[in-house]
Each structure stands twice: as C-alpha cells, then as structure tokens.
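What follows is a set of notes on a single structure, which appears directly below.
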Amino acid sequence: MLSLNFIRENTQEVIDRLSIKNFNGVEIIARIVELDNQRRETQKKLDDSQSQSNILAKEIGTLFQAGKIAEANRLKETTGELKAQAKEFDLALENIKIELEEILIRVPNLPHASVPLGKTPEDNIIVAAEGEAKPAAASSVPHWDLATRYDIIDFNTGNKITGAGFPLYKGKGARLQRALINFFLEEALKAGYTEVQPPYLVNAASAYATGQLPDKDAQMYHAGLDDLYLIPTAEVPVTNIYRDTILKSQDLPVKNVAYSACFRREAGSYGKDVRGLNRLHQFDKVEIVQISHPDQSYKILEEMRNHVTGLLRKLELPFRALKLCGGDMSFTSALTYDMEVWSSAQARWLEVSSVSNFESFQSNRLKLRFKDETGKMQTAHTLNGSALALPRIMAALLENNQTKDGIRIPGVLVPYAGFEEIN
RNA sequence: GGAGAGAUGGCAGAGUGGUCGAUUGCGGCGGUCUUGAAAACCGUUGACCUGCAAGGGUCCGGGGGUUCGAAUCCCUCUCUCUCCGCCA
C-alpha cells in the first residue's frame, strides 16, 4: 500500500499517476486525506486526555503513600470523567483507522514514470526480441499431442487423480522437469542468489502482506479447516521471510531464489489458453526475489531481467520482452516486464516470466525496513521475477525442438537431464 | 490427540500492583589508551503515532477485563518448549 505521508504531500501527483493504471482516484484519495486529518485530531485529543490521567494517577499514588487518603479519594472522582472521555476518543480513533485501512488497501501501486499508457495487452511495448518467431509449419505438432506421442505427460490420468489442470509427468517428461528446476536453481546460485525452500501453505497475514489478499482471494486455493492458503507463487512465502523485519543497510540487496510448486484456481479461464500446458492449476516455478535499497531497485530490476534473458538464450528459445502498459499491470507493481517465448506449433507467444519492481508497496504492508548508512529508518524496495515458470517453457521446448525422429534437448540441459533426445 | 510449563528490548535474562520503556550481561556504536589491534576502562544504544520544536502518547506474544494506576492480577486466543501417544 501507499504511505499516508506520500499521499498527503503529493495528492495531485498520486491521482495523476493512478490514472495511468486506469484507476480514478479523485474521490478515494480525497477521502483518505480527510480521514487522516480526523485521525490526527482524534489522536491528539486522546493523547491529551491520557496525559492528564497519567498525571493524576501519579498524584494519587503519591498521596496514598503520604497517607492523605481523603485527598486521594477526591482526585479519584475526576479521573472517572477523564476515563470515559478517553474511551470515547479511543473508539472514534479505532473506527477511523479501520476505515482508513480499508480504503488504503484498495488503492493500487503507482506506476513508474516510464510506464506506457494503455488498457490492453496490445498496448504493451516490445523492448527486446531475439530468435526467429517462425510461423507454424504444416508438420508442426502442438505439445499436447507430442506429450501423448512420446508418453511424457499424461493429462488424462492427472484428470482422474485430481482434475483438469493437474497433469502427470512421466519418464523423460518428469526428468526434464527436474532438469529444468535444477538448471534454473544453479544459474541463480551462480548469479549470487541464496536458495531457500519455503512452505507451500501460508497464513492470511502473509497472503495479505504481498497483496494476494484481499483483492485476489478467489485465485488461491484455501484450506478452510486450518485457514491456510496454497501459494500461487513462491513470492508469497519468500517475501514474507522479511515481514516485520528491520534489515541493516549492509544486508542489502537480499537475493533469494526458491523452487516451489504453485497453485492457482484460474477461475474464469477457458479455451485455447488452457489447452495442454498453457495454463495449469498446479505448476512448477523457480522464483527470484530481491530486497533492495530504494536507490538501487531499478538497476536491480534490469539486472533481474538480464538474468531471465540469459536463461532463455541458453535454452535457445525465441523470446521477446514487453514493458507492460498501465492497464495490464498488476495491482501491486510499479513496473513490470513480461518475458514471452515463441511457441512454433501454436504460433503464439507464451508468457514465461514476469519481472516486477514493487518499490515500497509491499514493504509498507510487510513492515519491511532497513537502517540506512546514517542510522535513519527507511522502507526497502521489493522485487521479484520468475526464473522461470516451467510449463510453457516445456511446451516451447517440445514444439520448437521437434524433429521427425524425436525432440532434441538443448545442450545446456543435457547434463541435468541425462539424455539428449526424447523419442 | 492428551498432560504440563512458558512468551519481556538484536540476543540472554531480572522484574509479581505505583517513581518501570523496564536491573544486569552479551552484542552494536562512540571515546580513552595503542604505531595498529586485542584487553581494560568510560559513555551510548528499541519501535511507532503526534508536534516546527519543547514535549505528549502507545508498545513487555495478540485481544479483552479489574484498578485512580498493570510487564506484574483475571479471561481469551495464538505460538513455543517438555513428557506421553501417533507418524514420513
């Protein structure tokens, strides 16, 4: 969430920048400022009345000790009034705070100055492209048919065990998954990330802190008996490592990488988008997370995008990078790059990574701060990116590397997979 | 799942109704001494809200209560530890 101070001091700028995300903030921001003024006034009244109570309580204590019982009892009568008054202010303050919080969490993050205007994915800007996005050849087979032909992914059995969107990987399919996970983790280690293995279920406080709650709760599986959520991405548990934390400036940047399974309900998806591996309820992903000094976060965002670019190059996949327009960005992000690989048999781009800078939006909710060089408390910036999500990489590898004899495995994966071809 | 014990500042650990935001030790920071360092000694060292400031207010796991006054008493929730049971 945005900080109250920033909203107060930059009211018009906040409204203007929100409009780039196609969010009309005129009324909501005005209400926030109004509530914050009320909060300050009420807080002052409460403080004053408590201050008086404290003084009286001390006096009474002294009187009792001095044996002046009658005088003490007289003072006691005045405190009753003060107490009732304080209770009233306290209640009013509580209500103001609740309303303020409820409104504040519904305001999206401000987009970075470089975010392009736009409403739909068509308005995203291509900032890089490599490799040849060939049109589908007549002989090209989509990955869902290749999966069956070579018996490496069994969608029907996954259907039987659980339901649609939960495929069963078999034989070289399963081994290729494992190879990809290890390849991605090793590359991240080489880039200086520290590997962590997080829980796959999180509590509501964690889901709230990274922004999945309250606005995206329909996208998460919920274990109702224990009130826990299955993670939609490792971003949630990994970023929450640093919830309610004060880091030292020399700890920054924090670089973590985690492999996890991810679970998404994907309510409302249909058609060719969900065919085969294109969109699953359970999938594997290696996620990189960084916590940075505010001055460094955009430099680090580029570093993270370069890391993902390097992975796609090594996998020999045609790809492009998009800078998302205001309308296509997530609620929490200030700047997002999407990375897409070309799927030759489907003749379409598939999103395999999303790299974002959240600036202090998550940190404000997380209460993630650090002491800077001068000992001053500052809010840190958080960033994350997929490096990478497996299913669509798998889809592109199968489709782009198919020959009449089998599927060629990129050289970089062979040591991890232990085979050169699926046939 | 059953029984018991506990939760205090970065950490360890006192405090069981009034002057306690909290003794002390360790750690951190600054200084003296030293060519430098160690040791020793001295000083300093939490967060949040509010205010130009002085100051005021809140916080001893969370929430509620008793009291003029709560870290301290009561209720409740959460978590941790020990023992038993079950188990990868």
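What Kirkwood Rh does chain A have if only Cα atoms enter the pairwise 1/r average? Answer in Å.
Details: mean 1/r = 0.0409 Å⁻¹.
Result for chain A stands at 24.4 Å.
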Checklist entry - How far apart, in nm, are the 7 Å Cα→Cβ label points at A:Lys404 and A:Ala113? => result 5.9
Checklist outcome for this item: Among A:Ile7, A:Trp342, A:Ile103, the residue whose Cα sits farthest towards the positive end of the charge dipole of chain A (+1 at Cβ of Lys and Arg, -1 at Cβ of Asp and Glu, taken about the Cα centre) is A:Trp342
Item to check | Simple Cβ-charge dipole of chain A, Lys/Arg +1 and Asp/Glu -1, about Cα centre, in debye nearest 20 | outcome: 540
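Pairs of alpha-carbon atoms within less than 8 angstrom and 6+ residues apart define the contacts here; what relative contact order does chain A have, in percent?
Details: 764 pairs, mean separation 82.5, N = 423.
With pairs under 8 Å counted, the relative contact order is 19 percent.
Where does each of A:Phe283, A:Phe166 land when they are ranked from fewest to most other beta-carbon atoms within 10 angstrom?
A:Phe166, A:Phe283
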Item to check | In range of the label at A:Val127: residues from region A:374-408 whose backbone nitrogen is under 20 Å from the point 7 Å along Cα→Cβ | outcome: A:381-389
Checklist outcome for this item: With +1 at each Lys and Arg Cβ and -1 at each Asp and Glu Cβ, the charge dipole magnitude of region A:32-141 around its Cα centre, to the nearest 20 debye, comes out at 480
Checklist entry - Tell me, how many Å apart are the Cα centres for region A:189-234 and for region A:305-370? => result 19
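Arranged by the count of other C-beta atoms within 10 angstrom, fewest first, what order do A:Lys248, A:Lys371, A:Lys323 take?
On the way: A:Lys248 10, A:Lys371 15, A:Lys323 20.
Ordered by Cβ neighbours within 10 Å, fewest first: A:Lys248, A:Lys371, A:Lys323.
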Checklist outcome for this item: One finds, for A:Lys248 and A:Leu189 with R0 = 25 angstrom and r their Cβ-Cβ distance, a FRET efficiency to the nearest 0.05 of 0.60
Checklist entry - Where in region A:193-213 is the amide nitrogen less than 14 Å from a point lying 7 Å along the Cα-to-Cβ axis of A:Lys367? => result A:205-206, A:209
Checklist outcome for this item: Simple spin-label estimate for A:Val33/A:Glu9, 7 Å along Cα→Cβ, in nm, reads 1.6
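Can you give the Kirkwood hydrodynamic radius for region A:4-104, in Å, rounded to one decimal and based on Cα pairs?
Numbers: mean 1/r = 0.0611 Å⁻¹.
Kirkwood radius, region A:4-104: 16.4 Å.
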Checklist outcome for this item: A:Glu420 and A:Gln197 label points (each 7 Å along its Cα→Cβ direction) are spaced in nm at 3.3
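What list do you get for A:Ser3, A:Ser356 if you sort them by fewest beta carbons within 10 Å? If you can, show how the numbers build up before the last one.
Numbers: A:Ser3 14, A:Ser356 25.
Listed from fewest to most nearby Cβ atoms, that is A:Ser3, A:Ser356.
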Checklist entry - Taking N as the number of residues in region A:297-373, what value does Rg over Cα atoms divided by 2.2 N^0.38 Å take? => result 1.32
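Quick one: Cα convex hull volume of region A:252-291, Å³ per residue? Could you put the intermediate results ahead of the total?
Details: hull volume 3.0 nm³, N = 40.
Hull volume over Cα atoms, normalised by residue count, gives 75 Å³.
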Checklist outcome for this item: Unit-weight point scatterers at every alpha-carbon of region A:44-166, Debye formula, q = 0.09 1/Å: log10 I(q)/I(0) is -0.66
Checklist entry - How much length is gained on full extension from A:Ser51 to A:Asn95, taking 0.36 nm per residue of separation minus their Cα-Cα distance? => result 13.7 nm
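A short reminder: the numbers here are calculations on the coordinates, not readings from a lab. Worth saying up front: this structure is predicted, and the values here are computed from it rather than measured. In this analysis, Cβ positions are derived from the backbone assuming ideal geometry, glycine residues included, and neighbour counts consider all displayed protein chains.
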